[in-house]
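Each reported figure results from applying straightforward, stated rules to the coordinates on display, with no laboratory input. Keep in mind the model is a prediction, meaning the values are calculated, not measured. FYI the Cβ positions are ideal-geometry reconstructions off the backbone, even for glycines, and counts take in every protein chain you see.
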Amino acid sequence: MKIMWSQGAHPPGARPGGSHWIYNPFVLLVLRLVLAAVFIYAAVHKIGRPLAFADEIHAYGVVDYGPPLYVMAIVLPWLELLCGLSLVTGVFIRGSALVLLGLNAMFLAVIAKKTAGFMHIGTPFMKIYFDCGCGFGAAFAWKKLLEDALYLVIAAVLLAAPLHRFAIQFRRRSS
Amino acid sequence: MKILKSALLQAIVILAAALVVGFTFNALSRNGINPLKTPAKVPVAADSTQAGAEGIKIATLDEARQAVESGVPVIDARRKADYDDGHIPKAMLLDYYDMGMYKDQVLARLSSDQTIMVYCSELSCDDSELLAKELYSLGFTKLLVFKGGFAEWSAAGLPVERSAR
């Protein structure tokens, strides 16, 4: 195992180096750390209380009580934590970017659904306020939607970046 | 395309790791749950009947006061800070979001044939009902949920107890 400072953890076949400023290694590092901080924080607040988290997921009215819901309540916080740690260390950056892309798309969809429900009963969009069960307490829905959209974009950039630096890499020894 | 393929493989590894770590932690945790166990079907009555019957009953302010006066054990499902700021006299703290911390201590003082009353902050909080369901699944089947919570109790000028600091 060695820390790669100059060479990137890009898979064979990837273009070395991107031209867009967003693919600047330092920008990518900052994006990784921001996303990691958010998801590690969120995970820590959910780990160890699966029953309460199951109720929070259930409140979205998408998954009913049953084994799938409980498995989600047990695994989801750990998935977030592992993705966060992966982004910090640089191990499997693209894999966790892909997972977070999927998770955020899902979060956006269910929060949008719940928000639409509130609008349907006549609550003005800007005043919709609820606890999304994300681990950060109650918040305005518009802020939450904006935040999640931002995380979605960051995850997409990390996934698409041709080169990541400051990453721990496992390499087979060449003999 | 190769990037996506390697990302997909990595994602599968991360997912598998989360499954393993999550279930291991869940098995060892005091708050762990059995995902295959269908939760006990809890009979929730919308209108309250008298205390002492099976199931979870919603209690009004009057019924809550009577329950407290007749010595029914009371559980406060809120956070410790809220509890310390003021609670129904003799209520025991059992933070719903930190069950592991208080569960053993509180449950040791209860018996399953007793009627138990649970409350949280106010009408809009669900923690008292969630906690009642949890207690029901643990075998405490005679439960009262005081929906008005501490807000209604203190607004009615009923006695409040504060924790010594």
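Details
- Helical content alone sets the calculated 222 nm signal of chain B at -13000 deg cm²/dmol, taking -39,500 (n - 2.57) per DSSP H segment of four or more residues and averaging over every residue.
- When chain A is treated as a Gaussian network with alpha carbon springs shorter than 10 Å, the biggest mean-square fluctuation among A:PRO68, A:PRO162, A:PRO50 belongs to A:PRO68.
- Ellipsoid equivalent to the protein assembly as shown - semi-axes via the Cα gyration tensor, in Å: 47, 21, 17
- For region A:57-130: rounded, prolate or oblate by the Cα gyration tensor [a/c cutoff 1.5]: oblate
- Karplus-derived 3J(HN,Hα) values for region A:116-124, using 6.51 cos²θ - 1.76 cosθ + 1.60 with θ = phi - 60°, are 4, x, 5, 5, 4, 8, x, 6, x Hz; glycine and proline are entered as x.
- On the beta carbon distance between B:ASP85 and B:SER124, with R0 = 25 Å, the FRET formula returns roughly 0.85.
- Highest-MSF residue in chain B out of B:PRO35, B:PRO73, B:PRO89 [GNM, Cα springs under 10 Å]: B:PRO35
- For chain B, the relative contact order comes to 25 percent (Cα pairs under 8 Å, sequence separation of at least 6).
- Measuring between their Cα centroids, region B:58-105 and region A:62-98 lie 34 Å from each other.
- FRET efficiency for the A:HIS20 to B:SER70 pair, using the beta carbon distance and R₀ = 51 Å, is estimated at 0.10.
- Projected area averaged over orientations for region A:2-169, convex hull of C-alpha atoms, nm²: 10.9
- The amide H of A:PHE130, built 1.01 Å from its N in the peptide plane, has A:ALA139, A:ALA141 as neighbours under 5 Å, considering only residues 5 or more places off or on other chains.
- Rounded to the nearest 10 degrees, the inclination of helix A:25-44 to the longest alpha-carbon principal axis of chain A is 40 degrees.
- Dipole orientation for region B:88-138: of the candidates B:VAL118, B:ALA91, B:ALA132, B:ALA91 has the Cα lying most toward the positive pole (charges on Cβ; Lys, Arg +1; Asp, Glu -1).
- Region A:144-159 - phi-based ³J(HN,Hα) in whole Hz, Karplus 6.51/-1.76/1.60, Gly and Pro as x: 5, 5, 5, 4, 5, 5, 5, 4, 4, 5, 4, 4, 5, 4, 5, 5
- Working from Cα pairs under 8 Å separated by at least six residues, relative contact order for chain A is 41 percent.
- Partner chain coverage, peptide A:72-85 - average Cβ within 10 angstrom: 5
- Chain B: angle of helix B:127-137 to the longest principal axis, Cα-based, in degrees nearest 10: 80
- Karplus (6.51, -1.76, 1.60) ³J(HN,Hα), θ = phi - 60°, over region A:64-73, in Hz, Gly and Pro reported as x: 7, 4, x, x, x, 5, 5, 4, 4, 5
- Between B:ASP98 and A:LYS127, the distance separating the two model label sites (each 7 Å from Cα on the Cα→Cβ line) works out to 3.5 nm.
- Normalising by residue count, chain B has a Cα convex hull of 169 Å³ per residue.
- Among A:ARG94, A:ARG165, A:ARG49, residue whose mean-square fluctuation peaks in a GNM of chain A (springs only between Cα atoms under 10 Å): A:ARG49
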